[in-house]
Amino acid sequence: MNNFLKEINFAKYSSIRIGPKSEVLIIEEIGEYSDSKILGLGNNVLISQNHPDFAVLGSSFDYIEKKDDLLHVGCATKSGKLLSYAKKNDLANFEFLGKLPGSLGGLVKMNAGLKEFEIFNYIQSIKTKDGYIKKEDIAYSYRHTNINTIVYEVVFNCTRGYSKAQAEVFKKMRDNQPQVPSAGSCFKNPPNDSAGRLIEAVGLKGFQKGNMAFSAQHANFLTNMGEGTYEDAIYLINLAKEKVKEEFNINLEEEIIIY
Ligand SMILES: Cc1cc2nc3c(=O)[nH]c(=O)nc-3n(C[C@H](O)[C@H](O)[C@H](O)COP(=O)(O)OP(=O)(O)OC[C@H]3O[C@@H](n4cnc5c(N)ncnc54)[C@H](O)[C@@H]3O)c2cc1C
């Protein structure tokens with residue numbers, strides 16, 4: 001299949017429901033693409049009117065293939081699809097993907113996870129335009145990797161034993177999550193602290209500017225109460241950073257990626 005251009009309305013596509021309508025390159029062939037920024041399903045991004053050119057992986061990269069004890073998963077595959085596959089085929093270690101929205105590309109770039117369960121714990125290698133790169137050759141830590149190119153495929157080690165009980169535990173952890181549009185956690189947790197606790201401590205839990213607000217339910221979720229704007233989101237992000245720096249001398253670092 002050939003690459004093509006497609007219009008995406010980011011006010012509908014991104015989970016925080018902000019952004020313009022733009023032409024995006026849909027990638028169906030492995031290549032260089034250094035002129036475009038790669039996006040996944042837009043669950044961890046805040047997109048301005050003046051964003052860079054974007055590319056998204058197309059359906060050629062939506063696959064799950066088991067080869068011996070390894071699982072090869074294309075990076076356009078959704079987390080929910082991989083979770084269903086693991087359940088059906090009795091594979092362990094994917095239970096935490098329930099309620100963790102994203103494509104495999106986004107999950108691996110962000111080293112997404114829940115508590116000590118992070119996607120990098122379970123991978124064997126990733127595939128880029130230069131071929132397979134072993135996990136040992138990639139730097140990764142909490143919500144961070146040094147990946148600076150498009151990942152087309154992730155290879156996982158397979159372990160038998162899908163755990164329904166574990167999946168339930170993860171589901172319960174999500175019960176307090178706001179049900180309004182957001183991009184998940186706005187800031188990374190600083191070492192030995194929680195961004196939500198700090199935002200609450202400086203009086204910003206539930207604080208609203210225009211139609212954007214730090215959730216009254218979960219302070220580290222920057223939520224869109226309806227027609228919220230990029231400008232109001234940035235105002236709140238900067239306000240939280242300033243206040244937390246002033247009161248606690250801690251530099252909050254965004255988890256959300258701003259374009
Ligand atoms: C309600 C909600 C709850 C959330 N809860 C959690 C949570 O508990 N834990 C957690 O870790 N995250 C959480 N998130 C954030 C989000 O689910 C993850 O960051 C997810 O990995 C984003 O995937 P995506 O495909 O949407 O990526 P996008 O948001 O589209 O992109 C994120 C980053 O990944 C890069 N990227 C995307 N595809 C590729 C690729 N193929 N190759 C290289 N780079 C790529 C992009 O350039 C960008 O830098 C939550 C988000 C929401 C909306």
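Among the residues that make up segment 16-24, is at least one of them in a loop (DSSP other than H, G, I, E, B) and near the ligand (Cβ under 10 Å from one of its atoms)? Looking through segment 16-24, at least one residue is in a loop (DSSP other than H, G, I, E, B) and near the ligand (Cβ under 10 Å from one of its atoms). When segment 132-148 is filtered for residues that are within 16 Å of the chain's Cα centre (by Cα), touching a residue at least 12 places away in the same chain (Cβ under 8 Å) and closer than 24 Å to Ser60 by Cβ, the ones remaining, listed by number, are Thr145, Ile147. Within segment 212-223, residues that are within 16 Å of Tyr235 (Cβ to Cβ) and modelled with pLDDT under 95 have Cβ atoms under 6 Å from residues that are assigned to a strand (DSSP E or B) and within 14 Å of the ligand (Cβ to nearest atom) in no pair, counting only partners at least 6 apart in sequence or on another chain. Whenever a residue of segment 6-25 is without any contact (Cβ under 8 Å) to a residue 40 or more places away in the chain, its partners that are aromatic (Phe, Trp, Tyr) and assigned to a strand (DSSP E or B), lying with C-beta atoms within less than 7 angstrom and at least six residues away or across chains, give the pairs Ser22/Phe54; Val24/Phe54.
When residues in segment 175-211 are screened for being more than 13 Å from the ligand (Cβ to nearest atom), in a strand (DSSP E or B) and in contact (Cβ under 8 Å) with a residue 24 or more places away in the chain, 1 of them pass. Just a yes or no: is a residue in segment 166-175 surrounded by fewer than 17 Cβ atoms within 10 Å (Cβ to Cβ) and farther than 25 Å from Thr77 by Cβ? So far as segment 166-175 goes, yes, one or more of its residues are surrounded by fewer than 17 Cβ atoms within 10 Å (Cβ to Cβ) and farther than 25 Å from Thr77 by Cβ. Annotation: of all residues in segment 101-115 being over 8 Å from the mean Cα position of the chain (by Cα) and at pLDDT below 95, the one that is surrounded by the most Cβ atoms within 10 Å (Cβ to Cβ) is Gly113. The residue list Leu41, Leu5 contains one member that is aliphatic (A, V, I, L, M) and surrounded by 14 or more Cβ atoms within 10 Å (Cβ to Cβ), which is Leu41. Among the residues of segment 42-54, none qualifies, meaning not one is within 11 Å of the ligand (Cβ to nearest atom), modelled with pLDDT of 95 or more and hydroxyl-bearing (Ser, Thr, Tyr). Restricting attention to segment 71-84, does a residue exist that is loosely packed, with under 14 Cβ neighbours inside 10 Å and either on the phi > 0 side of the Ramachandran plot or within 12 Å of the ligand (Cβ to nearest atom) (or both)? Looking through segment 71-84, none of the residues is loosely packed, with under 14 Cβ neighbours inside 10 Å and either on the phi > 0 side of the Ramachandran plot or within 12 Å of the ligand (Cβ to nearest atom) (or both). Checking each residue in segment 230-259 for being among the acidic types (Asp, Glu), without any contact (Cβ under 8 Å) to a residue 60 or more places away in the chain and crowded, with 16+ Cβ neighbours inside 10 Å picks out only Asp232. Of all residues in segment 132-155, those being under 30 Å from Phe214 (Cα atoms) and surrounded by 16 or more Cβ atoms within 10 Å (Cβ to Cβ) number 4. With the structure loaded, tell me whether Cys158 is farther than 30 Å from Phe214 by Cα, over 17 Å from the mean Cα position of the chain (by Cα) and of a type outside the set (Asp, Glu) or whether it fails that test. Yes; evaluated as a whole, the condition is true for this residue. For Val169, the test of being part of a helix (DSSP H, G or I) and within 13 Å of the ligand (Cβ to nearest atom) is failed.
Lys129 meets the conditions (1) more than 11 Å from Phe156 (Cβ to Cβ); (2) crowded, with 17+ Cβ neighbours inside 10 Å in every case but one. The failed one is (2).
The values are calculated or read from the model by the stated rules, or taken from the named source; none is laboratory data. As the structure is a prediction and not an experimental result, all values here were calculated from the model. Every residue, glycine as well, gets a Cβ built from its backbone with ideal geometry; the counts of neighbours run over all protein chains shown.
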